[in-house]
Amino acid sequence: MERTGESVSDVDPGNTSGSRPRADAAGKAPVRRTSSSSPAPGTKAKKKKPRVPRKPRPNFTVEQGEDMLLIVSNVNSHDRVWKPKKKRRKKTANKGQTTATASKKRKASREVILAKQTVADDAPPRPGVACSGDGTDRWGRRMPVEVLVEVFRLVVGQDGAVPFLCRAGRVCRLWRDAASNPVLWRAVTVGHCWTEPGKVQLQSTEAKIRNTVHWLAENRFSQLRVFSLCHWKKHVDYVVQVVSESCPHLNSLKLSHCSGVTEKAFQSIGSHCKSFESIDVQHTEVQGDALVTFLEMYGSQIKKVLFTYGPRSEKLLTVISRGSCPELRLLAINTNLTFGFFQLPVCIPALQAGCPKLQVFSMMNLSPRPKMTRNTVSAPGFPMLEELCVATSSDSFLTDQDLSSFLHGSPRLRVLDIRGCSRITTAGLICLPCEELECLFWGQYFNSSKMLSSKKGIHLLTQKWSQTLRELDLANHNFSEEDIEVAMGHLTHTTRADSVQSLNLSGTKITSHSLRLLISHSQALSYLNLSSCRNLPRGLKRLYRGQENIQQLLDNLT
């Protein structure tokens, strides 16, 4: 043991080993040298910086939203919050304490902790409040689950149930209880998120897909009403069968850009879902006559049918016209814009007789070609029809006579979309029986040298529907300046507060005078398209959105 009371003058500067120095030959004791850590004579010792204790990390994070503060837990069952290390106790000189005594003390302290946790867990929870067994999400114990469900309902309505609810259920037990509420899973859209569409899948990936769909159907889809699949190239039949067997309340199915759909999927829906009423297979490849067979067997309960033009489109229309879907409310047929222009034969009287309750009839980018059959009987039209769409991106062959056969018995029509129908005239539109038309879309959006000569009589249409018209599209029509000025004057004489709200006058001959008169009397106008209007000054030929922007246009005109 070294002595601790020696002075600096007793230290030998040449001895660096730290051992006690020996006396030299003269008998003088050598001077002991100080340690290397000691400061040199005449220099100041460096002061050590005080050690700042590290603060423990909180077990939650505060996220600021638009109108609330959201507290998110950072801890789960496999995570631990950092805590400062406890100071070690100095070893006592008494070594009589054995290992058995120390283990008994640790066991006793552990029993006390377990007893406290048992008392806390056995405490009765507050009514309507979710409580968790561990202490990681105590911040949420005072929030009722019903409040969180309503918050999730707003998110689901905007972004969908998947994948938001799946991710929210991993935050804490409170969020898991709220995210698993069946009310939030009534409308679900599932995209193919495991692999890219069309690529080869491993066997493990296919098993994972099937297990995931099966778990969701059993644990989340008990109140499912609307189900959609997007971009699925495989397992479509399996998914539809599992969902239909687990969801008796399913009433709507949408298959978008899917392939490999067979008759098994539709048969499973018809046999298990008694309230099923809507089928949407637009841009989906259905093998064989699966959809035709389904409509023949279960069409009596179907109210909405949407499909894309294909080799069996005419057969589908024939089945519907025979009365297989007497309760049909919506019939929509479209085609891909890249495939070109098609004509679809339609027996209008037979369709009117087979679908007397039809309210919406849409044929996008298709030109209906009327055909007659041997047993064709004159029908009263579509008495409940409210919307008719025969818009095309090219020149349509639809004439005034064809349009009259569609609408001769439709007094309830509200929306008429005949964009691209250049062969229809104002005289044919005036003869229509609908007196309360709200939306008329008649723009021409294609370049063709076969455009008909200048049309007249647009002021007669605005005069007929001046009290009910809300949206008007006359893009690229060659009406005269006087005709358009009189037509805009009729629109300003309406007595209703919510007068014209949308006007597309692109490529027309509207003048500054008639435009100023129209804007000053149309307080509800929020959309105005004046691009390519040759009679307007430069700087004003553009699209205007919002009432404030349109009011600035009025100031520039005055």
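The values are calculated or read from the model by the stated rules, or taken from the named source; none is laboratory data. Please read these numbers as outputs of a predicted model, since none were measured by experiment. Note: ideal-geometry Cβ built from the backbone for every residue, glycine included; neighbour counts use all protein chains shown.
Yes or no: Lys315 part of a helix (DSSP H, G or I) and at negative phi?
Yes: the conditions hold for Lys315.
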Count - residues of region 278-294 that are surrounded by 15 or more Cβ atoms within 10 Å (Cβ to Cβ) and more than 20 Å from Ser228 (Cβ to Cβ): 3
The listed residue being within 23 Å of Gln201 (Cβ to Cβ) and surrounded by fewer than 16 Cβ atoms within 10 Å (Cβ to Cβ), out of Lys233, Lys264: Lys264
Failed item in (1) touching an Asp or Glu at 6+ places or on another chain (Cβ under 7 Å); (2) modelled with pLDDT of 90 or more, with Cys434 passing the rest: (1)
